[in-house]
Amino acid sequence: MAGSRALAALVIALFVASAVDAGSATPAKADGAVTCGSVITLKGSRVGSTVACQEVAYGGQGSGQMACTGVTGVSDPNRYFTIRGVEGKECLQGEPIAKGAKVRLQNKVTGRWLHTHRVRSMLSGGQEVSCFGSETESDDSDVWKVTWSGGGKHWSTKDKVTLQHDVTGAYLAAMPGQYPNPLTGQKEIAGLRTKQSETLFEVAEGIYFPQRENKVPAGKKPTKPKVHSEL
């Protein structure tokens, strides 16, 4: 497992480095747009842990799907998620994400989707959140509605957002409880019925694509991705 994690980290690092070497990566603004196709991390505003997919299945009374946990280090490559559109509705790279829009979040390393269902979570008794599916396997339980209080009409890196599950209505939450072995030190990510301080998230770092323009003038190349300065 350690070898595969190191390889994944190397792949992501090379992706970023190649963008920088090509001159396409520049520091993102603190209030920059979070757009379709961007690769982001989601950090719980209260607890401080970051959502990550693990190659460990929920056991016991769990679903048996791969665990979604909160990690506190910055070296775990499983923290990165690509923002995708929902089935039947195209989400073009660089397209601004409106308040209340529905999105899917695909893990950059495992290819699985951020997912939840009506299974009791192990620690808090909330709703289990897992990483499920693949590039060719996705369903309605992978869909989340993103919103925030105040701010503008489109998702920005300065916004503290909530992610509400489209099927069950549960809110994604970063919980303080820590798992035992084999996830020692990692915290619970669960679904809660109501908005609380644990359901607020911020984009901690990522690779952002500038907002897509409706038309690209003839002879002009499309805009290239920007990389957040913390990455």
Quiz item: Which stretch or stretches of region 141-170 have amide N atoms under 15 Å from the point lying 7 Å from S45's Cα along the Cα→Cβ direction?
Solution: 146-152, 155-164
Self-check item: Interchain or long-range residues, amide H under 5 Å from V129's placed H
Solution: G191
Exercise. Take T194, project a point 7 Å from its Cα along the Cβ direction, then tell me which residues of region 115-151 have their backbone nitrogen under 16 Å from it.
Key: 126-127
Self-check item: Förster-model FRET efficiency, 35 Å R0, K89 and Q61, C-beta, rounded to 0.05
Solution: 0.50
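Quick note: the coordinates plus some simple rules give every number you see, no bench work behind them. Being a predicted model, the structure only gives us computed values, none of them experimental. Virtual Cβ from ideal backbone geometry, glycine too; neighbours counted across all protein chains shown.
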